[in-house]
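Q: Supplied in structure tokens, the structure appears directly below.
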Amino acid sequence: MKTTFKTRKAQSAMEYLMTYGWAILIIAVVLGALFSLGVFSSSNLLGTSCIAYSGFTCTSPLLHSSSFTATVGQATGTTWTAANILLVGYGAGTPAAAAFAVAGCSDPFTNGITSGQTVNVIMTSYASTTTGCTSLSTNYGSVGSAFAGSLWAFYTASGTAGLTTQLANLNVKAS
């Protein structure tokens, strides 16, 4: 039996299409699986950061289902007495106003925070009428959601009460 040139070309074209067709099909299935697992979701690209202003430190921010923790410190040369650390969501304004919306605040550091000292901040459902703090668990969202805001200090220094200072900007993902 004699094969013609046309038959060989058709067989070669079919082999080419089958080989690359299977490869393309496998790539499409893998991409579909990755997409359904959320690998390409922009919320997975969110990094955790706490960028402190000059004279302050902010490390290890963690947002959990009902609490926020971080290590903050100040090196301003003054001692803060009766200090609270506040977590303020973006768009809530500054805590200097009488009424402001914050996501939560720490239990007060009644012994103060001295210059050069770092403290572990733990915010749960503590509420204070002095600073306007609200329950943390109802304001930042659910597990996996992003929270962007800032950390503020509400304190007394050199006999002057009601001082506020922005410590850091932060981006965290609830875990």
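The values are calculated or read from the model by the stated rules, or taken from the named source; none is laboratory data. Fair warning: this is a prediction, and the values are worked out from it, not measured in the lab. Don't worry about glycine lacking a Cβ; one is built from the backbone with ideal geometry, like all the others, and counts go over all protein chains shown.
Q: From (1) modelled with pLDDT under 85; (2) of a type in the set (Ser, Thr, Tyr); (3) in contact with a Pro (Cβ under 9 Å, 6 or more places away or on another chain), pick out the condition that doesn't hold for Thr81.
A: Result: Thr81 fails condition (3) only.
Q: Against the definition (more than 24 Å from the chain's Cα centre (by Cα), assigned to a strand (DSSP E or B) and at pLDDT 75 or above), how does Gly162 come out, yes or no? I'd like the intermediate steps shown before the answer.
A: Values: more than 24 Å from the chain's Cα centre (by Cα): yes; assigned to a strand (DSSP E or B): yes; at pLDDT 75 or above: yes.
Spelling it out, Gly162 is indeed more than 24 Å from the chain's Cα centre (by Cα), assigned to a strand (DSSP E or B) and at pLDDT 75 or above.
Q: Enumerate the pairs (first residue in segment 30-45 and aliphatic (A, V, I, L, M); second residue anywhere and at pLDDT below 85) with beta-carbon separation below 7 Å, excluding pairs fewer than 6 apart on the same chain, so at least 6 apart or on different chains.
A: That search, which allows pairs on different chains as well, returns Leu34/Phe40.
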